[in-house]
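Everything on this sheet refers to the single structure shown next.
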Amino acid sequence: MARAVGSCFHLLKLMISCRKITAQVTNLRTDAIVAMASSSEQEFLPEYKNKVNRVPRSYQFWDAKVASKVGEKLGSRLKEIGVFDIQIDLNEELSRPLFRKKMIISLLDSVKQSGGIRVSGAEELK
């Protein structure tokens, strides 16, 4: 069973590829997903199709702007269910390449701003 750090029992996990970014928050006590947002959701499809059909072809389909929108969506979903304190796996996030960290920081900032969520460990990324 996973152990919670301090009083925070929710962990933000980010799954990142060149095609999409998925953010999910799990309860550390039960390993159940409590909230999730992804760049593959319906509202992002028109922008994704534009990038797929663009010439010259790009192989990076999300950026800081898309990451920020995913963060807003996740923050509002967390606020709806009453989760106001989450943590990140700092070691995993620090191991990511610099260009991805910048996009992740915009996602975390929008989670904080849109839902009033406290993200433990986000300060060390900056």
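Remarks
- Remark: for residue pairs 79/102; 20/126; 79/126; 102/126; 13/102; 79/101, the C-alpha separation exceeds 19 Å in 79/102; 20/126; 79/126; 79/101.
- Globularity ratio of region 71-123, using Cα Rg and 2.2 N^0.38 Å: 1.11
- With a Förster radius of 25 Å applied to the C-beta separation of residue 45 and residue 99, the computed FRET efficiency comes to 0.55.
- Using the average count of surrounding beta-carbon atoms within 10 Å as a protection proxy, the listed peptides 22-29, 40-47 rank, highest first, as 22-29, 40-47.
Since every read-out is calculated from the coordinates, none of them should be taken as a lab result. Source: prediction; values computed, not measured. So basically every Cβ, Gly included, is an ideal-geometry build from the backbone, and we count neighbours across all protein chains shown.
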